[in-house]
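Everything on this sheet refers to the single structure shown next.
What follows is calculated from the coordinates using simple rules that are stated; it is not laboratory data. The structure displayed is predicted, hence computed values, not measured ones. Heads up, the Cβs are rebuilt from the backbone with ideal geometry, glycines too, and the neighbour counts pull from every protein chain shown.
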Amino acid sequence: MILQQINSIISRVKQNNEKSRSYVCINCGCPVKELIKKYSPTVLKINHCDNCNEIADKYIEFETIIILIDLVLLSKAAYRHVVFNTESKNLWKLAVIIILLESYCLWVETFKVDRSSPQSIHDPFLSEKSFYLSCAQIILGNVLLYIFMVILSAPSRGLLYINHGNHPLYRSKLAFALNLLRGLTLASIGKFFFLPIMIWKENSTETQIAVHLSLVIIYFILSLIHAHSVVANCSRLASIFIVIFSYVSETYIITELSLYAKGHLF
């Protein structure tokens, strides 16, 4: 009896959450009340957007791999689907994997101690310590980048509130910040292209490695611009300014902190 009551409470909570959820059209970005109209337990129909008259979200019928491919191809519709129309429960796992990957790459390139040096012989844990420092540097860099983007996006959020003030996705500052965090995570998918550098590093010249790194960074910046324009629903020019300024500022601060740490702490 008690279990039945608990299950009924849980089901009511889920229904209320589903009703209170808000969605957007993946084509034009305008708010929509619901993505699917349920006529009966076996009859469902995908809703159309009242603004553009297109299917509100075609990706609800697609496989995950197709959505991932469209994300890599910088599809605005795919970004809107993941950021606004899904629960994004596993994005934090993706963020952790990307941070660990980027930390490992930084550790190998910058902090890994030469095994032939006397210091590495006397301190066998120095290499492990360097990896933790790499993790801290990557996490701090991402936090700074996120903070700069949130601050610089305040005017864009104000325009969103003016245009869609009654919509929960745009009315709440917390919702905007969380959506921007999701966008930053999705834009970081391109960092998986660091893997080929690590795998074929021994068979590549310094010039080839530098070109590969530059291409990955450029792709990440383009993805970040794309994600910001989707979340903030602002012009591409405004997103370019916000992202580039945030990235340059974050890179400068992290570089200065790294130089200071090497000169005074090590």
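For the range 52-104, the normalised intensity computed at q = 0.16, 0.22, 0.29 Å⁻¹ comes to -0.56, -0.91, -1.21 (log10 of I(q)/I(0), Debye sum over alpha carbons, equal scatterers, no solvent).
Site pair LEU44 and LYS89 shows an inter-label distance of 1.6 nm when each label is modelled 7 Å from Cα along Cα→Cβ.
Restricting the calculation to Cα atoms, every distinct pair contributes to the Kirkwood radius of the range 21-84, found to be 12.2 Å. Multiplying the residue separation of ALA261 and CYS30 by 0.36 nm and removing their Cα-Cα distance gives an extension gain of 78.4 nm.
With N counted as the residues of the range 195-247, its alpha-carbon radius of gyration over 2.2 N^0.38 Å works out to 1.48.
The peptide list 201-213, 68-80, 247-259, put in order of mean Cβ contacts within 10 Å with the highest first, becomes 68-80, 247-259, 201-213. Close lysine pairs were tallied over the range 21-84: pairs 8 or more places apart or on different chains with Cα atoms under 15 Å apart number 5.
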